Structures are given as C-alpha cells and as structure tokens.
Amino acid sequence: MKIYLAGPDVFRPDAAEWAESARALCRHHGFEPLLPLDHAETTAAGIFQANLELIRKAQIVVANLDPFRGPEPDPGTAFELGYAHALGKKVCGYVSRLESSVQRVARAEGREEPLPDIGVATHDRNGLAIENFGLPCNLMLAVPAPIVEGGLEACLQSLRQRPVAPG
C-alpha cells in the first residue's frame, strides 16, 4: 500500500537522511513510501504538481502536524491533507505532543495562566478566539484525520492496527 508522507520535514537541514530513515520505517511497517523529495522538480509550480501526483498515487496520506514556524502545522501540509481527503484518501496525522490548540497557543505565547475548560471561549494575545474543542490542531485537520501522539513510527503502527482497503 502506498503512503505519502506530508510535513515540513523536507525543510530540515538533514532532509535527505530523514527521508531515507522514513522510507525504511515505512517499508518495515509494510508500506510503500512516497515523499515530496521523490521527484526532481525545482520550480514552485513543478513541485506543486509533482506532489499532487504523488498524493493521487497514494492510498494513505500521513501528515506531520507538529507546530511549524508558530503554533500551527505547516500550511503546505494542511493543504496536502485536505487535498487527499477531498480525493477520498485515508488521512492521519501525528504530533510529538498531544495537547489542545489552546494549550499549544498558550505554550507558544509563553503563558502560564490556567487553561479554560473545553468549550469555554479563550483568546490569544491579539484578542483572536482560539478553537477550544480539545483537539490537537484546527478542527478542519483533526476531525478527518485521526491524530496520534509520537512520531512517524507511532502513526504507522496505528495504521497497521486499523487496516485500510486499497483505494
């Protein structure tokens, strides 16, 4: 079964080494990995089209939803997850630390104040409301994609426990 790995890992300084490790991990768990680094495109439009093609080839899209350059996941990863969902692909994600959006924003802002109960309105330092459903990221990601705490391996293990019919 083909699995596309979405996430900001392509921006890591050790991206090539990470990719080899991720490929080996996927194969160990019985998946054929597809990564954004699996093509030679170098232009923005070329990378965009090549990544969409890899997603179309996959049966599953796994997304690294850890905060990236702020308290939210990488926006490109969010797009890829939404695109895969729209195509009817199985989607899932993982975070290093399973915490609510409210907790994630509070941590990013360095706040130590008590966190409100789920469903109670709360706001960031700019006065903007923060979703408070107890989900680890925005509901548009967390509702369609089960989110696992841990890394890629934890997510792959959870997929092995919930088999996916080839699509």
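The values are calculated or read from the model by the stated rules, or taken from the named source; none is laboratory data. All values reported here derive from a predicted model rather than from experimental measurement. Glycine gets a Cβ as well: all are built from the backbone with ideal geometry, and neighbour counts include every protein chain shown. Ligands, DNA and RNA are excluded from the accessible area calculation, which covers all protein heavy atoms including side chains. Shrake-Rupley method; radii C 1.70, N 1.55, O 1.52, S 1.80 Å.
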**Prompt:** Here is a list of conditions, (1) surrounded by fewer than 17 Cβ atoms within 10 Å (Cβ to Cβ); (2) assigned to a loop (DSSP other than H, G, I, E, B); (3) in contact with an Asp or Glu (Cβ under 9 Å, 6 or more places away or on another chain); (4) at pLDDT 95 or above, and GLN49 meets all of them except one; can you say which number that is?
**Reply:** (2)
**Asked** Which of the residues that make up region 121-149 are exposed (fewer than 15 other Cβ atoms within 10 Å of the Cβ) and touching a residue at least 40 places away in the same chain (Cβ under 8 Å)?
**Response** MET140, GLU149
**Request:** Starting from region 1-21, take each residue that is on the phi < 0 side of the Ramachandran plot and list its partners that are among the aliphatic types (A, V, I, L, M) and part of a helix (DSSP H, G or I), counting only C-beta distances under 6 angstrom and pairs at least six apart or across chains.
**Result:** TYR4/LEU54; TYR4/ILE55; LEU5/ALA22
**Item:** Flag if THR42 is closer than 21 Å to ASP14 by Cα, open to solvent by less than 50 Å² (accessible area, probe 1.4 Å) and of a type in the set (S, T, N, Q)
**Value:** no
**Prompt:** Looking at this structure, is PHE68 under 18 Å from ILE147 (Cβ atoms), among the hydrophobic types (A, V, I, L, M, F, W, C) and either surrounded by fewer than 20 Cβ atoms within 10 Å (Cβ to Cβ) or touching a Leu at 6+ places or on another chain (Cβ under 7 Å) (or both)?
**Reply:** yes
**Message:** Just the residues that are β-branched (Val, Ile, Thr) and within 21 Å of ALA108 (Cα to Cα), please, taken from region 25-80.
**Reply:** THR77
